[in-house]
Amino acid sequence: MLDYTVVRAKNAKNINEIGIFKVENGKAKELKHIIDAYLKEKQDAYRAMDYFPEEVEKIDFATVKIFGNYVIYSFLNEADTEAFYKAIENELTK
């Protein structure tokens, strides 16, 4: 991994989280597999705890995507997920 940033909500009642990872050429799929497992683990844990039911939508929309040498994940609601990835796509096409 060349670089990364993970951002989590400061409020313990909010599960918003994003991660942006820059990897070497050819390593994105490998990291995506690892992050998919991380998201599944967090989804299972949040569902098992029935933790803050208002945050369930974010669990359902947990997403991981590859953009070239970047692997990006998010725990956001549907609207924020769409806006987040749209903003990334816009930045990468400049």
On the formula 1/(1 + (r/R0)^6), with r taken between the Cβ atoms of LYS42 and ALA83 and R0 of 22 Å, the FRET efficiency rounded to 0.05 is 0.55
For the chain, longest principal axis from Cα atoms; helix 28-49 axis from its Cα atoms; angle between them, nearest 10 degrees, is 0
Can you pull out the trypsin sites (Lys or Arg not before Pro) in the stretch 1-84 whose DSSP state is coil and whose Cβ has at most 16 other Cβ atoms within 10 Å? LYS10, LYS13, LYS27
Sparse-neighbourhood loop sites, GluC sites (Glu not before Pro) in the stretch 1-51 - DSSP loop, at most 11 other Cβ within 10 angstrom: GLU24
Given the candidates ILE15, TYR85, ALA28, the one whose Cα lies deepest towards the positive end of the charge dipole of the stretch 3-92, counting +1 at each Lys or Arg C-beta and -1 at each Asp or Glu C-beta, is ALA28
So how tilted is helix 78-92 from the main axis of the chain? Cα-based, degrees 0 to 90, rounded to 10. 10
The chain, relative contact order in percent, only Cα pairs under 8 angstrom and at least six apart counted: 30
Sparsely packed GluC sites (Glu not before Pro) within the stretch 46-94, loop by DSSP, other Cβ within 10 Å at most 16: none
Reported label for calculated Rg/Rh (Cα atoms, Kirkwood Rh) given [x] 0.98; [y] 1.01; [z] 0.94: [x]
So for VAL56, VAL7, fewest C-beta neighbours within 10 Å to most, what's the order? VAL7, VAL56
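No value in this document is a laboratory result; all are computed from the given coordinates. Remember, it's a predicted structure, so these values are computed and weren't measured experimentally. Cβ atoms come from the backbone with ideal geometry, glycine included; neighbour counts cover every protein chain shown.
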